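Asker: Encoded as structure tokens, here's the structure I'll be asking about.
The values are calculated or read from the model by the stated rules, or taken from the named source; none is laboratory data. Here the structure is a predicted model, which means the values were calculated and not measured. We place every Cβ from the backbone using ideal geometry, glycine too, and count neighbours over all the protein chains shown. Each accessible area value is taken on the protein alone, full model and side chains, heavy atoms only, with ligands, DNA and RNA left out. Shrake-Rupley method; radii C 1.70, N 1.55, O 1.52, S 1.80 Å.
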Amino acid sequence: MLHRNSVVRVTPDVPVDRAALLGCAVLTGVGSALHGAGVRPGDSVAVIGCGGVGLNVVQGARLAGATRIVAIDLGADKLELARRFGATDTVDAGSTDPVAAVVELTGGVDHAFDVVGRQATVTQAVGMVRVGRTAYVVGIPPVGEQLVLPGLPLVTSAKGVRGLLMGANHFPRDIPVLADLYLQGRLELDALVSARIPLDEADEGFAQMRRGQATRVVVTFD
């Protein structure tokens, strides 16, 4: 049994395996840019971590009209996919200092999103935003993880740090809107599905996620 607040009607025009993506990664990522951070036309954005959620922060920023969207990740394949979702620039965090690279590209962004949830990446996000702007923690840190930030630079630069949960969304409003955007060709969902597997191969789907080989694996019940 589900509470009525957990159920949202979606037009049947959206295929079920695409509609299934709207309840988590898409909602969180797009909502973080549109609702949580309030990205505006002309803004600059940095996104650390280009998995299923990070890619949707990228396309949320694109939908909001951001003119510079920098995607940061360790995987070349994920950075290539980020461009399909709307990134204007990419940074390989394994081969260069991501903070220095983003600052060189933009002079400091208006919004930085950490979609990893680790001490190092939160600190990087703070370093990427320009004076007076905010870094957002979208990735969920492990239980017990403590985030420590450099105090004096944080205060003197008047930067903010804010956590975002599920994209600051309102389910009944946002999920139908996302479905409509997909049908209009403005929201990318097809490329999020890296594999479709039957239920008896679910363990392999989780293994792909742990290896960082999957964006979203859809379990089918054909």
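Asker: Could you check how many residues of region 44-68 are in a helix (DSSP H, G or I), open to solvent by 10 Å² or more (accessible area, probe 1.4 Å) and either in contact (Cβ under 8 Å) with a residue 40 or more places away in the chain or of a type in the set (Asp, Glu) (or both)?
Answerer: Matching residues across region 44-68 total 2.
Asker: Where residues in region 5-42 are among the β-branched types (Val, Ile, Thr) and part of a helix (DSSP H, G or I), which of them is farthest from Ala82 (Cα to Cα)?
Answerer: That would be Val16.
Asker: Restricting to helices (runs of 4 or more DSSP H) lying wholly in region 89-165: which have 3 or more residues that are on the phi < 0 side of the Ramachandran plot and among the polar types (S, T, N, Q)?
Answerer: Working: elements: 98-106, 119-128, 151-156.
Those helices (runs of 4 or more DSSP H) span 119-128.
Asker: Ok, one more. Among residues belonging to region 193-213 that are without any contact (Cβ under 8 Å) to a residue 40 or more places away in the chain and among the hydrophobic types (A, V, I, L, M, F, W, C), point out the one that is surrounded by the fewest Cβ atoms within 10 Å (Cβ to Cβ). Walk me through it before giving the result.
Answerer: Our first condition is that a residue be without any contact (Cβ under 8 Å) to a residue 40 or more places away in the chain; within region 193-213, this holds for 194-195, 197-211, 213.
Remaining after also requiring among the hydrophobic types (A, V, I, L, M, F, W, C): 195, 197, 199, 202, 206-207, 209.
Details: Ala195: 15, Ile197: 15, Leu199: 10, Ala202: 12, Phe206: 12, Ala207: 13, Met209: 16.
So, considering only residues that are without any contact (Cβ under 8 Å) to a residue 40 or more places away in the chain and among the hydrophobic types (A, V, I, L, M, F, W, C), the one surrounded by the fewest Cβ atoms within 10 Å (Cβ to Cβ) is Leu199.
Asker: Oh, and also: Can you tell me how many residues in region 89-123 are in contact (Cβ under 8 Å) with a residue 12 or more places away in the chain and within 22 Å of Leu164 (Cβ to Cβ)?
Answerer: Residues meeting the conditions: 21.
Asker: Among the numbered criteria (1) open to solvent by less than 40 Å² (accessible area, probe 1.4 Å); (2) more than 14 Å from Gly42 (Cα to Cα); (3) out of contact with any Cys (no Cβ under 6 Å at 6 or more places or on another chain); (4) modelled with pLDDT of 95 or more, which single criterion is violated by Gly75?
Answerer: Failed condition: (4).
Asker: Something else: Considering (1) within 22 Å of Arg216 (Cα to Cα); (2) in contact with a helix residue (DSSP H, G or I) (Cβ under 9 Å, 6 or more places away or on another chain), say which one Asp17 fails and leave the rest.
Answerer: For Asp17, the failing item is (2).
Asker: Only one of these conditions is not met by Thr121: (1) loosely packed, with under 14 Cβ neighbours inside 10 Å; (2) out of contact with any helix residue (DSSP H, G or I) (no Cβ under 8 Å at 6 or more places or on another chain). Which number is it?
Answerer: So the condition that Thr121 fails would be (1).
Asker: So, one more: Quick check on region 126-171: of everything there that is of a type in the set (Lys, Arg) and farther than 19 Å from Ile69 by Cα, which residue is surrounded by the most Cβ atoms within 10 Å (Cβ to Cβ)?
Answerer: The extreme case among them is Lys159.
Asker: Right, Leu192: aliphatic (A, V, I, L, M) and at pLDDT 95 or above or not?
Answerer: Working: aliphatic (A, V, I, L, M): yes; at pLDDT 95 or above: no.
So Leu192 does not fit the description; no.
Asker: Restricting to region 5-39, what's the tally of residues that are open to solvent by 50 Å² or more (accessible area, probe 1.4 Å) and either over 15 Å from Phe113 (Cα atoms) or of a type in the set (Gly, Ala, Ser) (or both)? Even if it seems obvious, please write down each step before you answer.
Answerer: Residues of region 5-39 that are open to solvent by 50 Å² or more (accessible area, probe 1.4 Å), as a first pass: 5-7, 9, 12-13, 16, 20, 24, 34-35.
Narrowing the set further to residues that are either over 15 Å from Phe113 (Cα atoms) or of a type in the set (Gly, Ala, Ser) (or both) leaves 5-7, 9, 12-13, 16, 20, 24.
So the answer is 9.
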